[in-house]
Structure formats: C-alpha cells, structure tokens
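Encoded as structure tokens, the structure appears first; notes follow it.
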Ligand code: BTN
C-alpha cells in the first residue's frame, strides 16, 4: 500500500491556490475537520472512523482509501459544485488508471457498474467544503452489506494516492477558474444514467422511467412509464440493469 505523502502533495500543489495540506493516518471525518480549517486548505486521510455521505448516510472509509476535503472560500462559483467535482474526479481517475469510469447522477463515480467514489459538497456561511471519498485498495464490500468496488484488485498493486489527490485538486481548480471549461458536456458524456431505465422513490412513491436529459442546473429529466415527465433536483436513483 502506498503512503500519503504530505511533502510531495504540498510540492505538487505549490503553484495552486491550495496552500495548506494536512495528512492524517486516521481521523473521524476530513469534512468535520474542514469546518474549522482555513479556506484553500486540503485535509487528507488514510482512514476515517465516521466518514459522512449524503443525506445523513455514513461512508465506509477503511484504511487504504483516499478520503479528502477541500476548503474553498465563497468567492468561487459554487453553482453545480458537485457536478464540477464529479468531472474532476472522473477525469483524474481515468488518467491515472487508464480506464473509463462513469458519473452516476448526481454525485457518485462508478467503475465497472459499481460505486467507486462519492462526493459530499457542503455550503457553510463562510466556506464550501468539498469532500471526496475514493475506494482505492480492495475492501470486502459485500461483507459490509454494500454494493461497491475499488480501483485496484490487490494490496500489492503499485499506485500513488498522492498523485491521484493532486490530479483531482488540479483539475477541479482548473474547472473552477476557467469559465470556458465545458464541464456539463463532460458530465453528460460520462453519465451512467442517461438513456437507462431508473428507479427512485419520491414522497414515499416508487417511480420507474428512462433518464432522458441532464439539465444545465443538473436536474435529471425522467420520462416516466405513465407517460409523464419528472425533473429530479436531488435524491438517489438506481439503474435497472
Ligand atoms: C456519498 O457517497 O454519499 C458521499 C461520500 C463522501 C465521502 C467523503 S470522504 C472525505 C469526506 N469526509 C467525509 O466524512 N465525507 C467525505
């Protein structure tokens, strides 16, 4: 298993807007720590004991993943921050593993049809916290009652989580600073749901339909089985394979 290298990451980010890098072997949650951290800092951990996911869920964060949070000040354009982050994560992973991943609306990264990474963006009065969790080394997810996968097949595979973190941060910064980066085009092209049959629950009712379009504000337009159209702005959908 590789080592998360604070000095290396700091050096690689020397020309970026991220000045502070903190690396922990074990922490409750990098996003909790980020609440009291300065803007433009990066908090990275090898393991989390209380990793948080969306909608109050937990995020399994065993040793050997890449768990990190970025603290952004409110001058950045926070519109579609989750989609921008998903694009940065997907592009960076693809570059490093030389294989394709998909973005499952709204904030999951899928590899070989299973979740390999999740994103939790939070807006606080004075900062945004972008939390990214990636399963890198293998974990027995089935034993944990989860359907998920890791980027690697074995503990012995050569890999640099430090490079992956740097690559994601650099890409996200580029997207945030460069208005002409057509991240929504990439987001749509990498979508795991467009054109697929999906199922979701809303107001305690279950719906089935085809994911038709991802709107500019990231809303998901669904053609329902009953002929109606629905637009989802948040929530969780499952793909019917
Ligand atoms: C999800 O899949 O619902 C989002 C998961 C986000 C996990 C990351 S890991 C780093 C950061 N710290 C946390 O506690 N959560 C995010």
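What follows is calculated from the coordinates using simple rules that are stated; it is not laboratory data. Just so it is clear, the model here is predicted, and its values are computed rather than measured. As a convention, Cβ positions derive from the backbone with ideal geometry for all residues, glycine included, and neighbour counts pool all protein chains shown.
A few remarks follow.
- Among 67, 183, 200, the residue with the largest mean-square fluctuation in a Gaussian network model of the chain, with springs joining Cα atoms closer than 10 Å, is 200.
- Of every Cα-Cα pair in the chain, the percent that sits beyond 24 Å: 44
- Considered as an equivalent ellipsoid built on the Cα gyration tensor, the range 38-145 has semi-axes of 23, 17, 13 Å, the largest given first.
- Angle of helix 81-97 to the longest C-alpha principal axis of the chain, folded into 0 to 90 degrees and rounded to 10: 70°.
- Principal semi-axes in Å for the range 120-177 [√(5λ), Cα gyration tensor, largest first]: 27, 18, 7
- Between helix 161-177 and the chain: long-axis angle, C-alpha atoms, 0 to 90°, nearest 10: 60
- Shape of the range 20-73, Cα gyration tensor, a/c cut at 1.5: oblate
- For the chain, built as a Gaussian network whose Cα springs stay under 10 Å, the top-fluctuating residue of 159, 68, 141: 141
- Packing order of peptides 169-179, 219-229, highest average first: 169-179, 219-229 (average count of other Cβ atoms within 10 Å over each peptide's residues).
- Considering only 21, 147, 166, the Gaussian network model of the chain with Cα springs below 10 Å gives its largest mean-square fluctuation to 147.
- Gap separating the Cα centres of the range 85-99 and the range 114-162, nearest whole Å: 13
- Remark: 237, 55 ranked as 55, 237, counting other beta-carbon atoms within 10 Å and listing the fewest first.
- Binned Cα-Cα distances of the range 149-241, short to long, each 5 Å bin given as a whole percent: 3, 11, 16, 16, 13, 13, 13, 10, 4, 1, 0
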